[in-house]
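K.L.:
So that we are looking at the same thing, I have put the structure below in structure tokens.
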Amino acid sequence: MRFSGPHSAKPLPFKMGVPAYDVFPAKLWSRMRSTAVRADALMYWNYSDPRGEQILREQIASHVALSRQIVCHPDQVFITGGYRQGLQLALTSLGARGGTAWVEEPGYPVGLRALELAGLTVSPVPVDDEGICVAQGIVSAPSAVVALVTPGQQAPTGVVMSAKRRSAILEWAIANDASIIEDDYLSELKLDGRAQPALASMNNGERVIYLGSFSKTISPALGLGFMVAPRSLVPGVLEATTMTAPAPNRTTQLALAEFISGGHYLRHLRKMKAVYSERRALLAREIRARGFDVEEAGLALILHLSNAVDDVALAQRGVESGIAPFPLSPYYHFSTTPPRGLLLGVSNVHGQNVDLAIGSLDRVLGGF
């Protein structure tokens, strides 16, 4: 299954994992980029810090303290090229090759594949309405060395991990000398109520490697994310970063530091939450009015289909019709009869294109 449509193009309606292209303060960002280019031009007399620019790491440490209740030193923050590079660095630093990893079922296909490529055996652990079922993970793979979880907003279900499950997985990690990789998937854009503090902020959170990204809050084209490493792992992460994946794009780092320090990032997040809430409500209302069965799941709607439908082929047909739904079944890696459906991203569907988008969806579904 291909995980993306055409690259470097304006996102199609229903595209998952991209922010609203019409909401970002482009003029402000352009001005900050120009300032950063001039500043960077005066810094070419030395190598860049492989961890990332100090000013950006300081701003991120302050931001996660405020928004995710994570207390950390800037030296624990590493700038990455996004979620995938952060996950690779985490696994390299842990020396986890040859071990077993818990993975959510259903779960993000890219995360699963990254674990496999890192030489781990993956053990599926089911997800219910409280998040990952820790007790079942202990039964199926008690000696796992790492668990990859999305407690803030699970993909694709949108479920938030309960306090009970958070305590349970941290207790398991402490008891078994295991590590938890927290993919903080869209938690800052949680539309229903207040976001829960990060798993890394809790007691025993020193077992947690926290991964964040600016791809879904600013732009995937930014190519920046970050890791907050436990103090005990900082030397190993620094070595892996220096040798294999130093922080990218110093100019963009400098611009992003100014964007955060000026309060623009927090204002942008607040604006996006309001816009996305409106767009999700609009899309859900319009789709249900046409007789479709949809369920809210974070920044997406899940359109449930009959198990006889090939949702992968249906999604490809959608792209050919100018929309970009994503099939549900690839999130179920270990099921022989995965549920079928389409994930409909809400970020770039609005009053001006909603009728056209749903009309195209209706025509695509009409052929199945």
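K.L.:
So in the range 61-113, with the set limited to residues that are among the small types (Gly, Ala, Ser), under 22 Å from Val134 (Cβ atoms) and assigned to a helix (DSSP H, G or I), which one is nearest to the chain's Cα centre (by Cα)?
P.N.:
Per the criteria, the residue is Gly111.
K.L.:
Is there a residue being touching a residue at least 40 places away in the same chain (Cβ under 8 Å) and closer than 23 Å to Gly107 by Cα anywhere in the range 282-296?
P.N.:
The answer is yes; a qualifying residue exists.
K.L.:
Given Val125, Val134, which one is farther than 20 Å from Tyr83 by Cα, free of Cβ contacts under 8 Å to residues at least 24 places away in the same chain and surrounded by 18 or more Cβ atoms within 10 Å (Cβ to Cβ)?
P.N.:
When all the criteria are applied, what remains is Val125.
K.L.:
Something else about it: So in the range 218-231, with the set limited to residues that are over 20 Å from Leu269 (Cα atoms) and either in a loop (DSSP other than H, G, I, E, B) or without any contact (Cβ under 8 Å) to a residue 60 or more places away in the chain (or both), which one is farthest from the chain's Cα centre (by Cα)?
P.N.:
Residue satisfying both the conditions and the ranking: Pro230.
K.L.:
Another question, then. Quick one: in the range 123-134, which of the residues that are part of a strand (DSSP E or B) and among the aliphatic types (A, V, I, L, M) is farthest from Arg166 (Cα to Cα)?
P.N.:
It comes out as Val125.
Let's see how each residue does on (1) under 19 Å from the mean Cα position of the chain (by Cα); (2) within 19 Å of Tyr210 (Cβ to Cβ); (3) among the hydroxyl-bearing types (Ser, Thr, Tyr):
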{"position": "Val127", "(1), (2), (3)": "yes, no, no"}
{"position": "Cys133", "(1), (2), (3)": "no, no, no"}
{"position": "Gln136", "(1), (2), (3)": "no, no, no"}
{"position": "Ser143", "(1), (2), (3)": "no, no, yes"}
{"position": "Val146", "(1), (2), (3)": "yes, yes, no"}
{"position": "Thr150", "(1), (2), (3)": "yes, yes, yes"}
{"position": "Ala155", "(1), (2), (3)": "yes, yes, no"}
{"position": "Val160", "(1), (2), (3)": "yes, yes, no"}
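K.L.:
For Leu224, work out the one condition from (1) closer than 20 Å to Val127 by Cβ; (2) crowded, with 20+ Cβ neighbours inside 10 Å it doesn't fulfil.
P.N.:
Result: Leu224 passes all but (1).
Just so you know, all these numbers are worked out from the coordinates, no wet-lab data involved. In this text the structure is predicted, and so the values were computed from the model without any measurement. Note that we place each Cβ from the backbone using ideal geometry, even for glycine, and neighbour counts take in every protein chain shown.
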